[in-house]
Amino acid sequence: MATIPSSSTATGGSSSTPASDAETLRRNRILSSKLYFDVPLIKVPVIYSSSYDIAFLGLEKLHPFDSSKWGRICGFLFMDRVLDKSRIVEPVEASKDDLLVVHSESYLSSLKSSLNVSIIIEVPPVALLPNFLVQKKVLYPFRKQVGGTILAAKLAKERGWAINVGGGFHHCSGEKGSGFCAYADISLCIHYAFVRLNISRVMIIDLDAHQGNGHERDFSNDRRVYILDVYNPEIYPYDYEARRYINQKVEVVSGTSTNEYLKQLDKALEVAGRMFDPELVVYNAGTDILDGDPLGRLKVSPDGVTSRDEKVFRFAKEKNIPLVMLTSGGYMKSSARVIADSIVNLSKKCLIDLERAPR
């Protein structure tokens, strides 16, 4: 876990240890944050901002990730008239103090270097841009998505579920960003839930094709967090140390079919339900498992993704556990349509309600 600077004033005495000072400072930052706010019941717990999308002189096209995916997901939902734009929840940007709940000062300072950011997002020409532009065009959208992920836990606790149309930056830990992930939104979301929602047990279900090494490193010694990670071991990030911190790992190799994938998922969810009793599920729902995805290398059909999401939502609903869904990775233009169709299916199966506000 990232080290938070100690403060002798945080506990009001000099006899406290650096560890207790750090935890007090973390708690104070969470309690003073503006990322949690009351959302009117007329709004549905779907979180999105037009600021999520990344576009700057076409440089975003140098990375295989579809950086306009988030807006296109909502566009499909609006176009299909399953969701009204006025009922979407807009999050607040995560501030520096918010990010310091997990990240170190040194890591956040490193993002003031355009070169460092270019390495994290894997777009070399970004290194040549003035950092104020990188902050505005790249990191600001990420910080808005972080705010969305954190708020999603509050909405899930209140409504039973919440979907952040962005987020899921599972390669970022408190001390290191990589793989197009600059901020550790999953770790931040969970720490906020511990303090603000009085939650003490969280399950991460990470079904992105890539191993979620960021949150695995952040919660390596934290028994309050149970991690189920279904990933392709033959692709990035090859983080063998982080694999040691996975409570339940399911390795699905390149070429795994829809039927085999869903069969392994059924078994994994059954085991997870026996092993751990969470008060919150954070579901990292990457669509890079799709057949044809150049990075995920699996062969799951669009209907398979819909079935996968339905299985996870049923797992949580049957146990009456609030669920946060994040869209995470997906490197084909078709991902946005697949995600929108899956959300529609969840609504049709009464696992989420997009039609009316709760009473």
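Read the figures in this text as sums done on the coordinates, not as results from a lab. From a predicted model like this one, the values you see are computed outputs, not experimental measurements. Ideal geometry is used to build each Cβ from the backbone, glycine not excepted, and the neighbour counts take in all protein chains shown.
Treat the count of other C-beta atoms within 10 Å as a stand-in for reagent exposure and order PHE78, PHE313, PHE276 from fewest to most.
PHE78, PHE276, PHE313
Rg and Dmax in Å for the chain, alpha carbons only: what are they?
19.2, 61
Under a no-solvent Debye model with one identical scatterer per Cα of the range 47-176, what's log10 I(q)/I(0) at q = 0.09, 0.15, 0.19 Å⁻¹?
-0.28, -0.77, -1.15
Given a Förster distance of 41 angstrom, what is the FRET efficiency for PHE56 paired with LYS34, based on the Cβ-Cβ distance and rounded to 0.05?
My answer for the efficiency is 0.90.
How would you classify the range 77-125 from its alpha-carbon gyration tensor, with a ≥ b ≥ c the square roots of the eigenvalues: rounded for a/c under 1.5, else prolate if a/b is greater than b/c, otherwise oblate?
Since a/c reaches 1.5 but b/c is at least a/b, the shape of the range 77-125 is classed as oblate.
Need one number: convex hull volume per residue for the range 202-320, Cα atoms only, in Å³.
84
If the rule is a partner Cβ under 4.7 Å, which cysteines in the chain fail it?
Singleton cysteines: CYS74, CYS189, CYS350.
Among ARG244, ARG297, ARG217, which one moves the most in a GNM of the chain with springs linking Cα atoms closer than 10 Å?
Result: ARG244 has the largest fluctuation of those listed.
I'd like the Karplus ³J(HN,Hα) series for the range 169-178: coefficients 6.51, -1.76, 1.60, θ = phi - 60°, whole numbers in Hz, and an x wherever there's a Gly or Pro.
7, 7, 8, 9, 10, x, 10, 8, x, 5
Where Lys and Arg each count +1 and Asp and Glu each count -1, what net charge lies around SER328 among other residues with Cβ under 11 Å from its Cβ? Display every interim value, and only then the final one.
Numbers: positive: LYS69; negative: ASP185, ASP206, ASP208, ASP288.
Computed value for this residue: -3.
Quick check on the chain: of the DSSP beta bridges with both residues there, what percent are antiparallel, nearest 5%?
Taking every DSSP beta bridge with both residues in the chain, the antiparallel ones total about 5 percent.
Let me know the charge dipole size of the chain about its Cα centre in debye, to the nearest 20, where only the beta-carbon of Lys, Arg (+1) and Asp, Glu (-1) is charged.
Dipole size: approximately 760 debye.
How far, in nm, would the chain grow between ALA19 and LYS349 when pulled straight, counting 0.36 nm per residue and subtracting the alpha carbon separation?
Stretched fully, the ALA19-LYS349 segment lengthens by 114.1 nm.
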